[in-house]
Every structure is written in structure tokens, then in C-alpha cells.
1. Name the residues whose placed amide hydrogens come within less than 5 Å of the amide hydrogen of residue 42, ignoring near sequence neighbours (fewer than 5 apart) on the same chain.
2. HN-Hα J couplings of the stretch 121-129 from phi, Karplus 6.51/-1.76/1.60, θ = phi - 60°, integer Hz, Gly and Pro as x?
3. Residues with amide H under 5 Å of residue 125's amide H, sequence separation 5 or more or different chain, H placed in the peptide plane at 1.01 Å from N; which?
4. For a quick check: sort 136, 124 by the number of other beta carbons within 10 angstrom, fewest at the front.
5. Please go through the residue pairs 87/160; 47/89; 119/159 and name each one whose alpha carbons sit more than 24 Å apart in this structure.
6. Please list the non-local residues whose amide H lies under 5 Å from the amide H of residue 114, H modeled 1.01 Å from N, same-chain partners needing a gap of 5 or more.
7. Got a sec? Which residues in the stretch 34-57 would a label at residue 140 touch, if it sits 7 Å along Cα→Cβ and we count backbone N under 19 Å?
8. Need one word for the stretch 131-198: rounded, prolate or oblate. Basis is the Cα gyration tensor (sqrt eigenvalues a ≥ b ≥ c); a/c below 1.5 gives rounded, then a/b vs b/c decides.
Amino acid sequence: MLGSLVVVALVVLIIVMALQGGKSGVDSITLDHESAEIAPQDTLTLKATVLDASGQELTDETLTWSSSNAAVATVKDGVVTGVTEGKAKITVKAGKRSADCTITVTNDAIEVKSLKLDKDRAEMQIGDSLTLTATMQPANAPDDLVSWASSDPNIATVKKGIVVATSSGSVTITASAGSCTATCQITVQAPSRVDSVTAETASATLDRRRHERPAP
């Protein structure tokens, strides 16, 4: 009789342990983001929540993270880092359950906080060129985010920061990135008379010497 009771007790204990084990197993896993946009070199931390069948959170489960395209975005311990423009699916697994987040890496996600030019005014002569350099914050903002414009292309044109003076006058060169702008006031003048006279004198002297050179 005692032996039968022991057997029954063991069976009950095994059943209870099995039920408890089932409750402690991973029933679901979710991420706090289903999709997100980040810029190259920026990071995003994803938080995974693991629940058992009773809805209790499991905090000691081992999580495995992976990226479908490490050339676009990498992931380590839930921290996603943008590499270059494109899309990548970040997957986290716990037990037999998994969850995904679609990451879009784009330069459009960069919010330019400030924009400065290396010059705020300059003087040029017709035919001269000048390169303006734009500096942005954050520092990882790419140069192609900057757009350039001239208030009067008849006086000076600008392309990718290179200003070319075409006629006399004043013109404003504007650099824009996001909601930030910076300007440089350009004054274009005709070549000075001194330079012209010097050039003419040098040319006349050269011609005179050429004619005065004795014949061989």
C-alpha cells in the first residue's frame, strides 16, 4: 500500500513539474519596433519582451540577434547600427519564437542641426572661382545633403560650393540643408586698371624686344 502511494506521489510530482515547465517555456516574443528609420552610423536599441504561456515576462532567456543584410545594418545585443542606405530585417529569437523589425537606413533620416560656411563674405574678379566649404552638425551628415543657390546667376554661379564670377555686382550664395541655411555675400569686380595696364605694358615690351632682336 505504501509503495502504491509513493508511486502515485511521484507521478503527481512529475505532472506538476511538467506543467510548471510548460508555463516557463517561451510562448511569445515581441520587439518595441516593427519598423524604424535610421541614418548611416546612427544606432537604435531594440527591446525584446519574452512571455510564457501565462503572460509572465521571462527575463533570463537567451536572445539571438541577426541581420538579413549586414552591409546595410548590423546588430549586436539589440543595438542596431546603420551602415549604408538600404533595408535590412533585424530578427531576434528566443527558443522557437522570433520577432522581426524592418530597418530602413537613409540619409533623409539625418536631422541637420547646424550649418556653417567657411566664409560669410568674399571679393572676386570676373573669371575667378572660389570654393566654399559647408560644415554640418551632426558630423556624419553627408555633403550631398547641402543644396546651393545664387541670388543672381548672371553675376556668379555656384555648383557644389564652387562659385564662378561672371560679371560685376553683388550676389548672395546660399547653402541649405534641412531647415538650416548659411550665406556668403560675394562682391564681383572687373579686373583692376592697374592689372590691365601692366598686362598691356608687358605685352608691348615683349613685342618691341621681338622686333628689335637682330636677324641671324
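None of the figures in this text is laboratory data; all of them are computed from the coordinates on show. As the structure is a computational prediction, the values presented were derived from the model and not from experiment. A quick note on method: Cβ atoms are made from the backbone with ideal geometry, for glycine too, and the neighbour counts reach across all protein chains shown.
1. Placed amide hydrogens put 82 under 5 Å from residue 42.
2. Karplus values, whole Hz, x for Gly and Pro: 7, 7, 10, 9, 10, 4, x, 6, 10.
3. 189
4. Exposure proxy ranking, most exposed first: 124, 136.
5. The answer is 87/160.
6. Residues meeting the amide H criterion: 137.
7. The answer is 35-47, whose backbone nitrogens lie closer than 19 Å to the label point.
8. prolate
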